[in-house]
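The values are calculated or read from the model by the stated rules, or taken from the named source; none is laboratory data. On a predicted model such as this, the values are computed, not experimentally measured, just so you know. Positions of Cβ are backbone-derived with ideal geometry, glycine not excepted, and every protein chain shown enters the neighbour counts. Accessible surface is based on the protein model in full, side chains and every heavy atom, while ligands, DNA and RNA are left aside. Shrake-Rupley method; radii C 1.70, N 1.55, O 1.52, S 1.80 Å.
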Amino acid sequence: MTELNDLPIRDSLKGRTPYGAPQLHVPVALNVNENTHELPEEILVDVIRRIAESLSTINRYPDREFTVLRELLSGYVGHGLTPQNIWAANGSNEVLQQLFMAFGGTGRKALSFSPTYSMYSLIAQSTDTEYVEVPRLERYEITVDLVTKAIAEHNPDMILICSPNNPTGTPVDLEVIEAAYAATKGMLVVDEAYSEFSLNENSALSLLEGRPRLVISKTMSKAFAFAGARLGYLAADKAVCDAMRLVRLPYHLSALTQAAAEAALTHSVKMLETVADIRDQRDRLYVALQDLGLDPYRSDANFILVGGIANPDEIWQKLLDKGILVRNVGIPNTLRITAGTEAETTEVIDALTELLGKK
Ligand SMILES: Cc1ncc(COP(=O)(O)O)c(C=O)c1O
């Protein structure tokens with residue numbers, strides 16, 4: 001049987017493992033930080049209507065510039081941004097990949113702060129970008145001092161700061177972003193996949209003006225409850241969008257994706273109605289985890305990294321046996337749990353209470 005390494009694959013890909021969060025069909029899936037609420041039927045009906053309309057011209061390539069979608073996205077992000085400041089792709093993973101293709105590559109270096117989103121290192125590998133991770137401080141915080149010293153030491157072409165950070169939930173102060181930008185001549189990418197779950201209005205969108213090397217990456221996969229549609233986007237200087245045009249494949253956003261996302265964005269207020277409840281569930285989960293004697297980390301996202309678990313593999317399996325899927329991200333003595341609906345959160349709290357022998 002032919003093995004992967006029998007093929008004339010690039011040396012830099014030999015021995016690598018792909019991204020692989022388990023995709024298991026369980027009643028309570030709290031493992032990949034989705035919004036677990038279903039969308040209201042009236043929105044779904046509108047999405048179907050828009051997709052159906054787009055089918056009448058499906059024999060033609062879609063609008064390569066996804067003009068209507070960029071208008072709607074710029075309206076949603078606000079901050080005086082125009083469609084020229086917006087770029088989109090099939091999930092923010094593809095946005096990140098396009099950024100690496102344009103600003104990383106052979107002979108270039110990217111920097112981030114570990115533990116952080118695992119795709120940064122995987123995309124760096126697949127684009128032959130050198131990738132350095134500097135460990136975060138106590139409780140996974142990052143500071144002006146840590147970030148500016150790391151930039152001075154490594155002189156990266158790209159810096160990725162995830163805020164709130166996955167998998168730790170840690171928010172990042174805007175002064176850290178400002179200092180990182182001032183300290184580098186490279187591109188600074190702030191990954192705000194989870195920013196809608198943050199209560200303090202500290203989006204780095206407010207820093208874009210006058211900072212052409214700053215990029216804010218966002219997604220409809222999380223707060224918008226639209227992960228299956230695959231729509232991520234960035235806000236940045238117009239020149240950054242021109243760089244994306246050099247590396248994207250023509251017509252990368254299908255007519256169906258554009259139609260679905262356009263319909264969803266016209267309902268953005270309604271789509272985001274569950275966000276407040278998810279925050280409440282996250283905060284409730286945090287208190288419950290503390291009451292169980294565990295060590296949850298502060299989180300501004302829709303998930304919590306919980307420490308103090310002596311045997312995470314065993315607890316992960318026992319939760320799965322009860323139909324609850326959480327994530328073991330490989331940080332010793334931790335598991336990461338997405339805040340779901342009220343019922344799902346109750347289930348995971350009850351299951352942990354039982355497993356930890358507190359009941
Ligand atoms: C920090 C972060 N960025 C980006 C993504 C990618 O999301 P998507 O490609 O669905 O937009 C994720 C997904 O989990 C994430 O956690």
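Annotations
- Given +1 at the Cβ of Lys and Arg, -1 at the Cβ of Asp and Glu and no other charges, the dipole of segment 224-286 around its Cα centre is 160 debye to the nearest 20.
- Among Ala310, Ala301, Ala255: highest mean-square fluctuation, GNM of the chain, C-alpha pairs under 10 Å: Ala310
- Cross-link partners of Lys358 among aspartates and glutamates, defined as those whose alpha carbon lies under 14 angstrom from its own and excluding same-chain residues fewer than eight positions apart: Asp291, Asp350.
- For Asp191, distant residues with modelled amide H under 5 Å away: Ile161, Cys162, Ser163, Ser217
- Scoring 71-81, 344-354, 41-51, 257-267 by mean Cβ neighbours within 10 Å over their residues and listing the highest first yields 257-267, 344-354, 71-81, 41-51.
- Packing rank of 205-213, 28-36, where each peptide gets the mean count of other beta carbons within 10 Å, highest leading: 28-36, 205-213
- Rounded, prolate or oblate (a/c below 1.5 giving rounded, otherwise prolate when a/b exceeds b/c) for segment 294-359 by Cα gyration tensor: rounded
- Alpha-carbon Rg with Dmax, taken over the chain, Å: 20.7, 61
- Near-label residues of segment 106-139 by backbone N, under 11 Å of a point 7 Å along Cα→Cβ of Asn5: none
- Dipole of segment 4-107, positive direction: furthest Cα of Ile9, Thr57, Asn85, with charges on the beta-carbon: Ile9
- When the helices of the chain are scored as -39500 (n - 2.57) per DSSP H run of n ≥ 4 and the total is divided over every residue, the value at 222 nm lands at -11000 deg cm²/dmol.
- Shape call, segment 80-237: gyration tensor on alpha carbons, a/c limit 1.5: rounded
- Carbon + sulfur, % of accessible area of segment 287-356 - ligands and nucleic acids excluded, 1.4 Å: 46
- Counting only protein heavy atoms and a probe of 1.4 Å, the accessible surface of segment 1-124 is 53% carbon and sulfur.
- Considering only Ile43, Leu231, Phe197, the residue lying farthest towards the positive end of the dipole of segment 41-269 is Leu231, judged by Cα position with unit charges set on Cβ.
- Accessible area per residue, Å², the chain with all protein chains present, probe 1.4 Å: 45
- Net charge over other residues, Cβ less than 13 angstrom from the Cβ of Leu73 (K, R count +1; D, E count -1): -1
- 17 Å Cα-Cα reach of Lys238 towards aspartates and glutamates, excluding residues that sit fewer than 8 places from it in its own chain: Glu65, Glu71, Glu209
- Of all DSSP beta bridges confined to segment 41-269, the antiparallel ones make up roughly 35%.
- The H on the amide N of Val132, modeled in the peptide plane, is under 5 Å from the matching H of Ala110, Leu111, Ser112, each at least 5 residues off or on a different chain.
- Relative contact order, percent, segment 41-269 [alpha-carbon distance under 8 Å, six or more residues apart]: 29
- For segment 160-173, Karplus couplings with θ = phi - 60° (6.51, -1.76, 1.60), whole Hz, Gly/Pro x: 10, 10, 9, 9, x, 7, 9, x, 9, x, 5, x, 10, 5
- Taken one residue at a time, the phi angles of segment 31-45 give Karplus couplings (6.51, -1.76, 1.60, θ = phi - 60°) of 10, 10, 6, 6, 7, 7, 7, 6, 6, x, 4, 4, 6, 4, 4 Hz. Gly and Pro are set to x.
- Per-residue Karplus couplings for segment 192-199, computed as 6.51 cos²θ - 1.76 cosθ + 1.60 with θ equal to phi - 60°, are listed in order as 9, 4, 10, 4, 5, 7, 7, 6 Hz, Gly and Pro entered as x.
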